[in-house]
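Taking it in order: structure first as structure tokens, then the write-up.
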Amino acid sequence: MWTASDVVVRARVTDSEQLALPGLRTAAPVVKHQALILEVFKAPATVAGQKHIAIAQPGGVIVSEERRIAEADRHFPVLQPGDEAVFFLVPWSAASAHASQWGPGGVFRISKETATVPGAAHGVLEFRGRQTLPVDQLVAQLRALAARIPELVPAAVKVHDA
């Protein structure tokens, strides 16, 4: 997960807007979120120095004169303002944003002091099939990983107080 992601951040969604991206046959519903970066674990300098990041997520509803198009993934509910997560991201140029490398598998949702390990990440050795883990443990693992691979990432940087 770490190696394939260009950006790994802890962030809180502050705003969301519905987009309709052109598709092969029809437009595809996408929700573009603005998120406050709380901590950067891995990122190019252009992202590491920012306070916010745009994160696009397939889903939502678009309505045109001809039809209503809805897309939903029960494993990847659309994020809402106030939702916090650790995101494993790659650039998504079509949405002018970043997106999860593995759909729901690259978003570890945070509720209070608990992070939910997405199903696609259950096989990752560090998570050993766990459904949840303490946020402090997840953050410590990511900080340690950032410190072990300094040529790939800047040291973990706390950008904004949670």
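Throughout, read-outs are computed from the coordinates displayed, never taken from laboratory work. Values in this document were obtained by computation on a predicted structure and should not be read as measured data. Note: ideal-geometry Cβ built from the backbone for every residue, glycine included; neighbour counts use all protein chains shown.
Before moving on, here are some points about what is shown:
- Scanning the stretch 1-59 for residues that are of a type in the set (Asp, Glu) and over 20 Å from VAL86 (Cβ atoms) returns a single hit, GLU17.
- Taking each residue of the stretch 99-125 that is hydroxyl-bearing (Ser, Thr, Tyr) and looking for partners that are not in a strand (DSSP E or B) with beta-carbon atoms closer than 8 Å, six or more apart or interchain, yields SER100/GLY106; THR114/VAL135; THR116/GLN131.
- Residues (of a type in the set (Ser, Thr, Tyr) and under 20 Å from TRP2 (Cβ atoms)) located in the stretch 74-126: SER100, THR116
- Residue among GLU17, GLU84, GLU65, GLU71 that is acidic (Asp, Glu) and surrounded by 18 or more Cβ atoms within 10 Å (Cβ to Cβ): GLU84
- In the stretch 25-138, counting only strands (runs of 3 or more DSSP E) that sit wholly within it, the ones holding 1 or more residues that are touching a Ser or Thr at 6+ places or on another chain (Cβ under 7 Å) span 28-42, 52-58, 68-71, 84-92, 107-111, 114-116, 132-134.
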